[in-house]
Amino acid sequence: MKNKVLKKTMALALAGAMTLSMAACGNDDAGSSNQQSEQQESPAGNSEESSAENSGEASGEESSDEGGQAEAPQIEDTTIKIRVMNEFRNLDKVLAKYEEMTADDPIMSKIHPEFVWVAGGDYKDKLTTAMIGQEDFDLMFCGGWHGLTGFIQDGNFKDLSSYFNNDAFSGLKSAFSEDFVKAMTSYIRQEDGSYQKGIYGINLATFYEDSRGFMYREDLRKKYDCAPITDEASLLEFVKTVQENEEGMIGVSLWNFFRLDSPWYSAKHDHVYTQDNVNVLGDQTWVWVGLSDDEKTVLNAVVPGDSAEEFAKMPAGYQDDFITAYIQDRTKWNPYLNPNRGGTDTVEKPAAIMYSALSEYESKVKTALETNPDEEYGFYVIEDAQRNMEPGAVVCDMATNNWLVVPEWSEKTDAVMYFLDWMFGSQEAHDLFELGIEGEDWEAVGTDGFKKLDIDENLAYSMPTYSFTQNPTYIRVSEFVSGNPEIKSRFDYMYDPSTYKLSPLSGFVFDTTNVETQIANVSALSNELQLTISMYDADEAAAKIQQWHEDATAVGLEEIRAELISQIQAFLDAKNAN
């Protein structure tokens, strides 16, 4: 198995095929510090504990037998080596506390974690090197944008299925709901077109889908006596008012503007899906997949510029060209965008509204207030159902881009999973690795809040939680959030499992093997459209779409459509057969 994995990984690396078009989480520059260089993979752990690795390992009888639940193995004294992305600080004191908390536990007292970190900017290269060299790690961070699906497809990671929904690992069972476990499940396409499923990574998340919206200048809304911003009409009126009255400002910042007014969320309630795992042509030309009412059959997949015959195959309500209609309707915002958009001058004037995911709102507001402390901000959620906080509003994959993986060659899977079972097994244990020492690094605020204590930064604990600890069962919000009732309600809604519904396409990965050339050709055309930054008026947009469709058809669009429909149908058949 090792030779097979090594051969495949080397081929994958040489082909440069590991990059997924996904946004990274965290600060790539966070690896720079006064500690050891990230090039030296700064270690944290007791050297005596590290040497214990040679005195014994986990049983070696891995408990992840396919189709069965893990049995409690005999654990010998061992060190598990863990690598995270971006810098941690003062981890030694947390590890010492862990050893103290587990001293009397017959299993956990024998498991000694040892950590290293690598800066985000170097992480992908280091991960590739680790895969090729089968480096001595037992648990590693792997981002979706690092080539996760390719590594899984090629057998680089252990199948951890038997450790979940398993009473022998009650901590994992309580922290990872049944739906979350389903969302973590990968479906690996075999050479004969069938699918093999397994859990080859542990997803790190505090919520299943970020609430996307705009942060807006609440002080300017008050200044001009604009109506409260509760819907698109009031948002547009506010934008217009600010641009007309505030010299040196524009209405809308262009960054991530493309999802405004889009049926990205709402269409999924009508069995029409567009999401990262089916958008094989890029952001300029979303692919919309229509499923039957029982979500077991693909009706069609449509793209901008398709004929009436193609749209007629879609579910009710989407049997006309809704894609072009959406793009044309959105051009009403064009007068309030950067007039130099699409050119070499990309510097924008300050804007009345700026895109922000809810999870980024606090940091963006604080950054803005550092320059202009008299400003006030509010948050507007883009999609109607989420803005109204309706149950089940968000249909999604219920998985982020951040994962922990166990390399296929590690012989310590049982020890790793016992450690994770402990860390995810209680609020106290999770808080330790998430926040540090209670009473020293932080203190609780209410039942679900926390504040950082005033401690010398050279002594304060920090961990890039997105690459090691995040979990939706254990949520603590900052003082900023808990002190703002409106924002707190938004976070509560985003953290509530009833907000979400698992997409039937969760776990699908498109295999491009049969249409690589066609995808390259069509994607090249798509990248020239620039539809998502509103470069055109309504008529120009329609003309550009039609020209693109004609050109794309000539270089393989229909072959891509047929292959995509075929693979999704095979995936649904496999998923519904289990």
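Brief remarks follow.
- Whichever residue in the range 465-493 is out of contact with any strand residue (DSSP E or B) (no Cβ under 9 Å at 6 or more places or on another chain) and hydrophobic (A, V, I, L, M, F, W, C) and, among such residues, is nearest to Ala183 (Cα to Cα): Ile475
- Residue in the range 565-576 that is assigned to a helix (DSSP H, G or I), modelled with pLDDT of 95 or more and of a type in the set (Lys, Arg) present: no
- Residues of the range 393-406 satisfying the condition of being crowded, with 24+ Cβ neighbours inside 10 Å, in contact with an Asp or Glu (Cβ under 9 Å, 6 or more places away or on another chain) and under 22 Å from Phe151 (Cβ atoms): Met398, Val406
- Residue check for Ser462: polar (S, T, N, Q), under 26 Å from Asp397 (Cα atoms), modelled with pLDDT of 95 or more and touching a strand residue (DSSP E or B) at 6+ places or on another chain (Cβ under 9 Å): no
- Count of residues meeting criterion [surrounded by fewer than 20 Cβ atoms within 10 Å (Cβ to Cβ) and part of a helix (DSSP H, G or I)] in the range 550-563: 7
- Within the range 277-294, at least one residue is more than 20 Å from the chain's Cα centre (by Cα) and among the small types (Gly, Ala, Ser).
- Output for the range 203-230, where each listed residue is surrounded by 16 or more Cβ atoms within 10 Å (Cβ to Cβ), among the hydrophobic types (A, V, I, L, M, F, W, C) and touching a helix residue (DSSP H, G or I) at 6+ places or on another chain (Cβ under 7 Å): Leu204, Phe207, Met215, Leu220, Cys226, Ile229
- Of the residues contained in the range 93-106, none is found to be assigned by TED's automatic domain parsing to the domain that holds Asp414, modelled with pLDDT under 90 and either surrounded by fewer than 20 Cβ atoms within 10 Å (Cβ to Cβ) or part of a strand (DSSP E or B) (or both).
- Candidates are the residues of the range 188-202 that are charged (D, E, K, R) and touching a residue at least 12 places away in the same chain (Cβ under 8 Å); the one that is surrounded by the most Cβ atoms within 10 Å (Cβ to Cβ) is Arg189.
- Here Gly446 meets the list (1) within 22 Å of Leu127 (Cβ to Cβ); (2) modelled with pLDDT under 95; (3) of a type in the set (Gly, Ala, Ser) almost entirely, failing just condition (1).
- Qualifying positions in the range 479-502 - among the hydroxyl-bearing types (Ser, Thr, Tyr) and either buried (at least 21 other Cβ atoms within 10 Å of the Cβ) or over 21 Å from the mean Cα position of the chain (by Cα) (or both): Ser482, Ser489, Tyr493, Thr499, Tyr500
- Residue check, Gln530 at positive phi and surrounded by fewer than 20 Cβ atoms within 10 Å (Cβ to Cβ): yes
- Residues of the range 521-538 satisfying the condition of being in contact (Cβ under 8 Å) with a residue 12 or more places away in the chain and assigned to a helix (DSSP H, G or I): Asn521, Val522, Ser523, Leu525, Ser526, Leu531, Thr532, Ile533, Ala538
- Assessment of the range 360-383 against the conditions (surrounded by fewer than 19 Cβ atoms within 10 Å (Cβ to Cβ) and within 20 Å of Asn203 (Cβ to Cβ)) yields at least one matching residue.
So that you can scan it fast, the table gives a plain yes or no per residue for (1) aliphatic (A, V, I, L, M); (2) free of Cβ contacts under 8 Å to residues at least 12 places away in the same chain; (3) surrounded by fewer than 18 Cβ atoms within 10 Å (Cβ to Cβ):
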{"position": "Leu260", "(1), (2), (3)": "yes, no, no"}
{"position": "Pro263", "(1), (2), (3)": "no, no, no"}
{"position": "Tyr273", "(1), (2), (3)": "no, no, no"}
{"position": "Asp283", "(1), (2), (3)": "no, no, yes"}
{"position": "Asn300", "(1), (2), (3)": "no, no, no"}
{"position": "Pro304", "(1), (2), (3)": "no, no, no"}
{"position": "Ser307", "(1), (2), (3)": "no, yes, yes"}
{"position": "Ala312", "(1), (2), (3)": "yes, yes, yes"}
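- The residues of the range 138-158 that are outside any helix (DSSP H, G or I) and crowded, with 23+ Cβ neighbours inside 10 Å, listed by number, are Asp138, Leu139, Met140, Phe141, Cys142, Gly143, Gly147, Asn156, Phe157, Lys158.
- Failed item in (1) touching a helix residue (DSSP H, G or I) at 6+ places or on another chain (Cβ under 8 Å); (2) at pLDDT 95 or above, with Lys364 passing the rest: (1)
Quick grid of which residues meet (1) in a loop (DSSP other than H, G, I, E, B); (2) at pLDDT below 95:
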| position | (1), (2) |
| --- | --- |
| Asp276 | yes, yes |
| Leu281 | yes, yes |
| Trp286 | yes, yes |
| Lys296 | yes, no |
| Pro304 | yes, yes |
| Tyr318 | yes, no |
| Ile327 | no, yes |
| Trp333 | no, yes |
| Thr346 | yes, yes |
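- Scanning the range 72-92 for residues being surrounded by fewer than 16 Cβ atoms within 10 Å (Cβ to Cβ) and either outside any loop (DSSP other than H, G, I, E, B) or among the hydrophobic types (A, V, I, L, M, F, W, C) (or both) gives a total of 2.
- Looking at the range 354-457, the helices (runs of 4 or more DSSP H) lying wholly inside it that each contain 3 or more residues that are of a type outside the set (Asp, Glu) and more than 21 Å from the chain's Cα centre (by Cα) sit at 358-371, 413-423, 427-435.
- Residues that are farther than 16 Å from Gly436 by Cβ and among the acidic types (Asp, Glu), drawn from the range 74-106: Glu76, Asp77, Asp104, Asp105
- Filtering the range 478-503 to residues that are of a type outside the set (Gly, Ala, Ser) and over 16 Å from Tyr208 (Cα atoms) leaves Glu479, Phe480, Val481, Asn484, Pro485, Glu486, Ile487, Lys488.
- Candidate set from the range 115-137 (those that are in a helix (DSSP H, G or I) and among the polar types (S, T, N, Q)); member that is farthest from Ile202 (Cα to Cα): Thr129
The values are calculated or read from the model by the stated rules, or taken from the named source; none is laboratory data. All values reported here derive from a predicted model rather than from experimental measurement. Please note: Cβ atoms are built from the backbone with ideal geometry, for glycine as well, and neighbour counts cover all protein chains shown.
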